[in-house]
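Asker: Can you keep this structure in mind? I'll have questions shortly.
The values are calculated or read from the model by the stated rules, or taken from the named source; none is laboratory data. Everything quoted here is computed from the prediction, not taken from an experiment. Heads up, the Cβs are rebuilt from the backbone with ideal geometry, glycines too, and the neighbour counts pull from every protein chain shown. Note: accessible area is taken over every heavy atom of the protein model, side chains too, but ligands, DNA and RNA are not part of it. Shrake-Rupley method; radii C 1.70, N 1.55, O 1.52, S 1.80 Å.
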Amino acid sequence: MALDPAEQHLRHVEKDVLIPKIMREKAKERCSEQVQDFTKCCKDAGILMVVKCRKENSALKDCLTAYYNDPAFYEECKMEYLKEREEFRKTGIPTKKRLQKLPTSM
């Protein structure tokens with residue numbers, strides 16, 4: 001049974017695990033300022049970070065949640081996933097390996 005590379009149907013694991021993973025990665029990139037602020041606060045506060053970094057944690061959570069709840073952002077990540085899956089089905093090479101540079105000393 002050959003898989004059609006352009007087929008758009010998503011399996012349960014793709015909807016509930018793989019696409020949300022892409023969403024988390026992209027949301028962290030887009031909320032990088034809040035991630036940096038929270039990370040810096042945690043490093044500076046040490047063991048008291050739970051108490052001292054509430055404001056930064058809340059700002060980070062608000063930023064990430066806004067992306068997670070945005071249907072347009074979900075569609076963007078879904079299309080990115082489908083494009084990667086289609087490319088994998090055509091070539092048989094995962095995206096990570098395809099993006100690595102080939103050795104030049106061949």
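Asker: Take region 55-85 and flag every residue that is open to solvent by less than 70 Å² (accessible area, probe 1.4 Å) and within 17 Å of Cys42 (Cβ to Cβ).
Answerer: Glu56, Asn57, Ser58, Ala59, Leu60, Cys63, Leu64
Asker: Taking Ala2 as meeting all but one of (1) among the hydrophobic types (A, V, I, L, M, F, W, C); (2) modelled with pLDDT of 90 or more; (3) open to solvent by 80 Å² or more (accessible area, probe 1.4 Å), write down the number of the exception.
Answerer: Tallying (1) among the hydrophobic types (A, V, I, L, M, F, W, C); (2) modelled with pLDDT of 90 or more; (3) open to solvent by 80 Å² or more (accessible area, probe 1.4 Å), Ala2 fails exactly one: (2).
Asker: Let me ask something else. When you scan region 9-32, how many residues do you find that are over 13 Å from the mean Cα position of the chain (by Cα), of a type outside the set (D, E, K, R) and loosely packed, with under 11 Cβ neighbours inside 10 Å?
Answerer: The total comes to 3.
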